[in-house]
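Each reported figure results from applying straightforward, stated rules to the coordinates on display, with no laboratory input. What you see is a predicted model, and the numbers here were worked out from it, not measured in a lab. Positions of Cβ are generated from backbone atoms using ideal geometry, with glycine treated the same way; all protein chains shown enter the neighbour counts.
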Amino acid sequence: MESRKKERITAAWDDFVVKIYSVNGSPEYLLASFDNISEMGVRATLEMGVDVKEKDLVTGIIESELTKCKIKYSGKVVWLKTTEQGIQFGVKFDEELLLPDVFIARSMAAA
C-alpha cells in the first residue's frame, strides 16, 4: 500500500460540501459532507442509498457559500465504507490541488 505523501487537514468543515456533477462521464448530482482533505484527495460521506462504487470516476466542486471558496476536482473513488452517518468514501484526485488559505487556517485553528 502506498503511504500518504500529503498531510490530511482535519477541521470543522460544516460550511463546505463536496458536489459530484458526473460519475463515469454521466451527469449526476450528489451532495456529500467531508471531514478531511489533502492536496491529493478527500474523505466524504453521502446519504445511504446513493450508488457510488469503487473505481468510479467523479468530477465536481468542493465549495463553501460562507467563504465563497470553490475548488474544481476530478478523481477516482478509491474506497467505500458504510457507517451510521452514510456511505463514507475516499476520492484520489487526478491532479494535486492547490488548497486555499482557508484550509490551512482552519487546520491551524483545530490543532
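Summary table
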{"read-out": "Within-12-Å neighbourhood charge of LEU30 [Cβ basis; K, R +1; D, E -1]", "value": "-3"}
{"read-out": "Stretch gain in nm, segment GLU96-ASN36, where the contour uses 0.36 nm per residue and the Cα spacing is subtracted", "value": "20.1 nm"}
{"read-out": "Nonlocal amide H pairs with CYS69, under 5 Å, H built at 1.01 Å", "value": "SER64"}
{"read-out": "Point-to-point label distance, LYS68-GLU47, nm (Cα→Cβ direction, 7 Å offset)", "value": "3.0"}
{"read-out": "Low-density loop cleavage sites - GluC sites (Glu not before Pro) in region 51-104, where at most 10 other Cβ are within 10 Å (DSSP)", "value": "GLU65, GLU84, GLU95"}
{"read-out": "In sequence order, calculated HN-Hα J values of region 92-105 (Karplus, 6.51, -1.76, 1.60; Hz; x Gly/Pro)", "value": "9, 5, 5, 10, 4, 8, 8, 7, x, 4, 4, 5, 5, 4"}
{"read-out": "Percent of C-alpha pairs per 10 Å bin, region 13-110, short to long", "value": "16, 53, 28, 3"}
